[in-house]
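The values are calculated or read from the model by the stated rules, or taken from the named source; none is laboratory data. What you are looking at is a predicted structure, and each value in this text was computed from that prediction instead of being measured. Note that we place each Cβ from the backbone using ideal geometry, even for glycine, and neighbour counts take in every protein chain shown. Only protein heavy atoms, including side chains, enter the accessible area calculation; ligands, DNA and RNA are left aside. Shrake-Rupley method; radii C 1.70, N 1.55, O 1.52, S 1.80 Å.
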Amino acid sequence: MKNVTELREQLSQVFYELRNNTVKHTDAAELANIAGKMINSAKVQLEYYALRKETPTISFLASEEALLPRKAKNESK
Amino acid sequence: MESVDKYKERRKKYNAYRRTEEYKAKRRATRDLSKDRERWKKYYEANKEQLKTYHTEYMLRPGVKERYKELHRKEYIEKGKKRGLDNIKNITDSYVKMVLVKHTNLTYKDIPKELIEVKRLEMLIRREYLANTTPSERFKESKKKYLLKKRKLLTKENQDEKRN
């Protein structure tokens, strides 16, 4: 999982499976726990930049759509 | 012909009756509110600007805001509580933001949408887990994890001792 969008997809899949009883509750809770850690780390990064009054694009939080034009620009160079 | 004094007395009685709860209840029951609403709508659309300016001016008068606040304090508190509980139940954006912002220097504006969505999913899974397991089960799980961790640490320490 490199991105927030990927994490979201993964979590939504886990939630769907949890509803269908194909995943154990404990396993799902573990995954949610890991996701929580990732979210908290992103939050810390956000807080750091907010304190420094900077607004850089955090690669983890930037969605694929937002990153696409950048990639295209880099490729053209 | 009715004398003026008699008329005044009758009128007084009628006015006193109009002030009673019985009369008010009767009026409330028989009153056609839809007609009133239509009439009020028409009046409001015709005098929109005037009414707005009057209202803002009225609210700016000294003591008016405070009086209204005092009058509707209970109502506001109850509404706020209800809204807060609904937010928690439905995991709205504002609730997720509140959770993320708690104990940090972040503001609501700093939090991107993607993070809110992910946090919401995490909360959903955690709630599902809590709803489908009992506290004793959760305690057993945590105990298992703790014992595993301890065993791993012990084996590591033993290996280190052997190396030394």
Problem - Buried accessible area, chains A and B (both chains, 1.4 Å probe, Å² to nearest 100) - result: 2300 Å²
Handout entry: Taking all pairs of distinct alpha-carbon atoms in the protein assembly as shown, Kirkwood radius in angstrom
Key = 25.6 Å
Problem - 0 to 90° range, to nearest 10: angle between helix B:135-163 axis and chain B longest Cα axis - result: 30 degrees
Exercise for the section: For every other residue with a beta carbon closer than 12 angstrom to the beta carbon of B:D32, add +1 if it is Lys or Arg and -1 if Asp or Glu, then tell me the sum. Expected result: +4
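Listed highest first by mean packing, meaning other Cβ atoms within 10 Å per residue, what order do B:96-103, B:69-76 come in?
So the order, starting with the most tightly packed, is B:96-103, B:69-76.
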Exercise for the section: Can you send over the carbon and sulfur percentage of the accessible area for the protein assembly as shown, probe radius 1.4 Å, protein chains only? Expected result: 53 percent
Practice task
Please list, or write none, the lysines whose alpha carbon is within less than 20 Å of the alpha carbon of B:K41, excluding same-chain residues fewer than 8 places away.
Solution key: B:K52
Handout entry: Those lysines that a straight Cα-Cα span of less than 18 Å connects to A:K2, excepting residues fewer than 8 apart in one chain
Key = A:K37, A:K43, A:K71, B:K113, B:K119
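Using a Förster distance of 51 angstrom, determine the FRET efficiency expected from the C-beta separation of B:W40 and B:S136, and round it to 0.05.
It comes out at approximately 0.25.
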Handout entry: Cα→Cβ-extended label distance, 7 Å offset, between B:Y23 and B:K81, nm
Key = 3.7 nm
Problem - Proximal aspartates and glutamates to B:K35, defined as alpha-carbon separation beneath 17 angstrom and excluding residues fewer than eight positions away on the same chain - result: B:E45
Practice task
With 5 Å bins from zero, work out the P(r) of chain B over every alpha carbon pair and list the percent per bin.
Solution key: 1, 6, 6, 6, 7, 10, 11, 9, 8, 7, 5, 4, 4, 4, 3, 3, 2, 2, 1, 1, 0, 0, 0, 0, 0
Problem - Solvent-accessible area per residue, Å², over the range B:25-132 with all protein chains present [probe radius 1.4 Å] - result: 83 Å²
